[in-house]
Structure formats: C-alpha cells, structure tokens
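Step one of this worksheet: look at the structure below.
The values are calculated or read from the model by the stated rules, or taken from the named source; none is laboratory data. Please read these numbers as outputs of a predicted model, since none were measured by experiment. Please note: Cβ atoms are built from the backbone with ideal geometry, for glycine as well, and neighbour counts cover all protein chains shown. Side chains are part of the model used for accessible areas, which takes the heavy atoms of the whole protein and leaves out ligands, DNA and RNA. Shrake-Rupley method; radii C 1.70, N 1.55, O 1.52, S 1.80 Å.
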Amino acid sequence: MTKNRPHINDLAPEIIAEKQGATEYTKISYPLRYGCYGQIRTRDYIFQFNRNAEIKTVQGRNGDWLTSSEWLKRTAGNDWQYFSAGGYSGAYNYTGEYYIPCLPYQTNTLFGGDAFQRPEVRDAFAALHRLYRQIEALDLTGLDRAQADFIRRIRQMTPETLEARGLRLHEIIGGTVSVLPPDARHVEYDIIPVTVADGCLYNCGFCRVKTGRGFSVRSRQSVTDQLLALKNFYDRDLINYNAVFLGQHDALNAGREMLSFAAEKAWEILEIKKSIMKGGGMFLFGSADSVLRADEALFDALNSLPFNTYINLGLESGDGSTLSMLRKPLSPAKVEEAFARMLEVNRRYPNIEITANFVIGAGLPETHLSSIIELTRNRLDRFCPKGAAYLSPLENIGDKNRLLTKFNELKTLCRLPAYIYLIQRL
Ligand code: SF4
C-alpha cells in the first residue's frame, strides 16, 4: 500500500483531499467540474465530494457506464440529478447547455429515457454505498494528514446525515424550492436559496409548483436570519458559490427595498466576493403584474448591484383561450405589455436580463404557439441574444417527437434565443 494508493476497493484507488476545478462557468461540450472539491477514484468510478465532504458527483469510468461524459450530481437539497448529453436529440439546441440535469421525475424523460431506471445508474448508487462501508473500515495510517482528515469528514456525512441536511436547508428558508428559474442554468443550478417572499399572485390552475398561498413579503429580520443560518449550513463549501436565488415564485413583487436589502446582505453575509467562482449571479422569478409595477428606481437599484441579475417572468401564453384553459388570470393585453417591458429593460440595463416563460404541451389551442411567435418574432425587428424565451412542457406532452418538432419550428421563427426548460428543484 503506497501513501496515496490505499486499498479501498477495486484496483488503484486514489484519494485527493482537495482538487481545483474551473473557476468560471463555461458552456463547453465536455464535462467540467467547478470550484474546489475532494475526489476518490476507483477502477470503476470517480466520486467527488464538496468541501464539507458531502458526496457531490458520481461518474462511471468503465465500459458499462452509459456515456463516458455523463454523470450523477447531488444537490444541496439532497436530490440526485443525472446530467445527460441529450441522447440522439443533443442538448444544446434544445436547452442552451451541453448537458441537461434530469431529475428522477415527470417530463424530464423528454431527452432520452429515465436514466434512474437504468442498471448502470443503480450500480453507481450501489457502488457509492459500498464506498461508504469501505471508508468506514479504512485504516487511515497509510494516508497523509489531508487525506485522513478528508476521510474522517466523509465518515460524518453518512446517507442519513445527508438526508437530514437536505431537510435542514428547507427548514432554514421555510419550505422546499419546488422550481428554480431556468436562467440558473448559467451557474449549473448551484445557487444558495433565500426566501424573500412566499406564495404568488395568481395561483393558476395548471401549475404544479405553486404553494397555494397568497403572496406575502418576508421581514428583513427573516432574510438576515436565513442568510446567517445559510452561511453556517454551507460552511466550508461556501467559497464554491457565487450565486443566489431569491425565492419563491415572484420575488420581483417584493419591491425595490426588499430586493436591494436581500441582495446586499447576501453579498456581504455569504461572502460572495470571496468565492473562488468568478462573478456573481442573482436569480429570481417575476410576473406580468410585478414587472409592470416595477419602476425605473427598482431596475436602477438592481443594475447597480455587484450581481448580474436574471429575472424569469411566468407569462405562459399570449393567447386568451390558452390562458383561460390554464386558469391563469391574465389577459393577452397584459402579457403583451409585460413582454414589451421585458424587452425595454433588457435594452436599457446591462446588468439585468429578463427572460420569459411559456408553456408547451399537447391539447393546447392552435392559437397558443402563434401567440408566442407574435410576441417573440413580430415585436422585434431583428434577432436579439438577450432575453430568452423558455418553453416549459406541461404534464401532458403528448407525442415527444411532435413536441420537439413544434419547438424547433418556433425556435426558427423566434427572434430571441428559445429553449426548453425542464423544471429543476432544490
Ligand atoms: S405559474 Fe407562477 S403565478 Fe401561477 S401558480 Fe404557478 S407559481 Fe404561481
């Protein structure tokens, strides 16, 4: 047994207590790991751990693994995502990313089947559990100090502890994060969530992520308490984060004072400036009413923050009969006005990007897609790379190929970047 090749299992395992990945989020066609992490490499798998020694990614490295470039990733909320290259469809055209994080549920089988049902993925989870048992029994005497410390910290992070930590995260912010804004793809969904307001304005009939509560803004004290608790929670791994999500479903409606307060406090308490990831991102949702209510003072304040701010508006459709079918209490005129405001803010403020969310699915009126084309093509005189249009599949997607064909037709006509968004939670 050599100093850094102890017999954990298989052949030639390797333990690296601290490894440095990329420090800037990049859209690239091969897998890239970000930030600082620890790694155990065995014959068949690469296991990576965040700086709190929580398992972060698992990737197979033998011929049995699905695709050499795909991997499993655990979120801070203790969910597992399978990062898929998109199968035959390819990911980039549809999502703007080379890899699509697929959660083990619902419409996320749109690109390739459900990876979690495949034997290779089940084997990877079994290998992880085996690794925990082997780590428990490992003799640390052959390891250097950093390696031994790393192993001791992994021992603390048992599957039970990881589950409890997922619950603790939700307890801190006062609920689960049922959906993250699609723009959070720019930081691989590695955001720290802070709740600035609960509920939403409309409680639409079709929506699967709503809380069902009316809208209410949190107190400044609640936001500060959450941030202090989050700093403790993320602990040694805090330096790997440069982005926050201001929750829940319509943080924009919380108004200028709350948004400025939460952003500045997050920057300070979470020490974003010290992050090893370059830049800083702030992500939130807005609605037609909140974007129309937001005045120039609010956007001036957001634009002057050290973050790049991304706001995703849930517009869903520009068509009256579709909005009625979705039981979304908005008129086409208001959607149109909100969309025009989005384009205006995107032109005027370099550090703010507003994007729009629309639905896609089977059984919607014919007039639905043409209403999106009317907005995203006819309201612009040329292609504009800022302010994407996201299409979120409804529960009933119908025929998968038909849906993707419709999306491609829309994308060709759209004068904004157009992508499919598969719901991500935390
Ligand atoms: S779509 Fe948005 S506004 Fe409507 S219920 Fe869901 S979260 Fe609330």
Search result, residues across region 66-103 that are among the small types (Gly, Ala, Ser), in contact with a Leu (Cβ under 8 Å, 6 or more places away or on another chain) and modelled with pLDDT under 90: SER89
Among the residues listed as PHE339, PHE307, PHE283, PHE299, the single one being in contact (Cβ under 8 Å) with a residue 12 or more places away in the chain, assigned by TED's automatic domain parsing to the domain that holds ARG415 and in contact with a Pro (Cβ under 8 Å, 6 or more places away or on another chain): PHE283
Looking only at region 198-222, and only at residues there that are touching a Leu at 6+ places or on another chain (Cβ under 9 Å) and open to solvent by less than 30 Å² (accessible area, probe 1.4 Å), the one that is farthest from the ligand (Cβ to nearest atom): GLY205
For ARG118: the one exception among (1) farther than 20 Å from GLU136 by Cβ; (2) at pLDDT 90 or above; (3) basic (Lys, Arg): (2)
Search result, residues across region 282-302 that are open to solvent by 20 Å² or more (accessible area, probe 1.4 Å) and part of a loop (DSSP other than H, G, I, E, B): ASP295
Cβ-Cβ under 6 Å pairs, at least 6 apart or on other chains, region 179-198 side within 16 Å of TYR419 (Cα to Cα), far side β-branched (Val, Ile, Thr): ASP183/THR355; ALA184/ILE191
Region 117-149, residues that are open to solvent by 30 Å² or more (accessible area, probe 1.4 Å) and within 27 Å of GLY86 (Cα to Cα): GLN117, ARG118, PRO119, GLU120, ARG122, ASP123, PHE125, ALA126
All positions within region 363-400 that are out of contact with any Ser or Thr (no Cβ under 7 Å at 6 or more places or on another chain), open to solvent by 20 Å² or more (accessible area, probe 1.4 Å) and among the hydroxyl-bearing types (Ser, Thr, Tyr): SER370
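Each row is one residue, and each column tells you yes or no for (1) surrounded by 15 or more Cβ atoms within 10 Å (Cβ to Cβ); (2) more than 21 Å from GLY199 (Cα to Cα).
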{"position": "SER275", "(1), (2)": "yes, yes"}
{"position": "GLY280", "(1), (2)": "yes, yes"}
{"position": "LEU323", "(1), (2)": "yes, no"}
{"position": "ALA333", "(1), (2)": "no, yes"}
